[in-house]
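Visitor: Okay, handing you the structure first.
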Amino acid sequence: MSLGLNSGCVAAAGNLTTTHNSTNFIMGYYINPNVTPLSEINFTALKSAGITDIYVLVTNNNYLPVLSEAKKKADAVGIITNAWVYPGFNYASKVAGMKIGVQLDVETYNIPAYLLQILAMRLATYGETFSITVKPDGWDGNQYYYLIAPLCDYIVPQLYVGEYGQGNTGLTNKVKSYTQIYNLYNIIFPGKIVAGLETYQSDQNTTPKNASTLSAEIKAIKPYTRGVILFRYGLSNFNG
């Protein structure tokens, strides 16, 4: 049974496990069960590596069996389950009824057009965690975070340094600016930003990052965020 993480992810998460647990820092991981079946993922190893939350890709057609299996396995080791969905997902209230969080992936340059969907999903998930993953504001145009911040528990900017020609300094500066901009929202909704980080070099170079590189990225943004969620290209199993 495979871990479902590359070795760099495991080491980077594991190196910071104690700190994360002591501060409720989210160490999330995206899972596409169509590429990496849940039966091939060692959830005990995920927990040992420091993973606190999983974000499982589901659709209107498969959400119930996939999330039922994921939650059972995750609950057994103390990991929180979230559904990772795209606009048009119709069962957010059903997912919330399963005591599972929902993350809406809105990769768009027209956030205002999705506000009604976002608001509807926020209402449908009342009582459970609702988050939104979006493009990084400023690095990739105006993403109107000030409009969506009050409608979710946290925003996940896709801070993929390989795609935007950024280094750790740029990464740190970006999350610092997020923290400053949303200071008012942080009073109402503490911990508004959870950073999405890629575990590979870039879409043009899918070589996995090593543990020291990932750890450096996580440490660069940790003081200014509520957590990180790790994404791997193609979401397939590979060894780093």
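What follows is calculated from the coordinates using simple rules that are stated; it is not laboratory data. All values derive from a computational prediction rather than experimental measurement. With ideal geometry, Cβ positions are generated from the backbone for all residues, glycine too; neighbour counts draw on all protein chains shown.
Visitor: Can Lys73 be described as under 28 Å from Thr44 (Cα atoms) and in contact with a Leu (Cβ under 8 Å, 6 or more places away or on another chain)? Don't jump to the end; show me each part of the working.
Guide: Numbers: under 28 Å from Thr44 (Cα atoms): yes; in contact with a Leu (Cβ under 8 Å, 6 or more places away or on another chain): yes.
It is true that Lys73 is under 28 Å from Thr44 (Cα atoms) and in contact with a Leu (Cβ under 8 Å, 6 or more places away or on another chain).
Visitor: Search segment 76-120 for residues being part of a helix (DSSP H, G or I), touching a helix residue (DSSP H, G or I) at 6+ places or on another chain (Cβ under 6 Å) and β-branched (Val, Ile, Thr), and hand back the single one that is surrounded by the fewest Cβ atoms within 10 Å (Cβ to Cβ).
Guide: By that ranking, first place goes to Val77.
Visitor: Please specify each residue of segment 31-75 satisfying the condition of being assigned to a helix (DSSP H, G or I) and surrounded by 22 or more Cβ atoms within 10 Å (Cβ to Cβ). Break it down stepwise before answering.
Guide: Of all residues in segment 31-75, those assigned to a helix (DSSP H, G or I) come to 38-40, 43-48, 63-75.
Those that are assigned to a helix (DSSP H, G or I) and surrounded by 22 or more Cβ atoms within 10 Å (Cβ to Cβ): Phe43, Leu46, Tyr63, Leu67, Ala70, Ala74.
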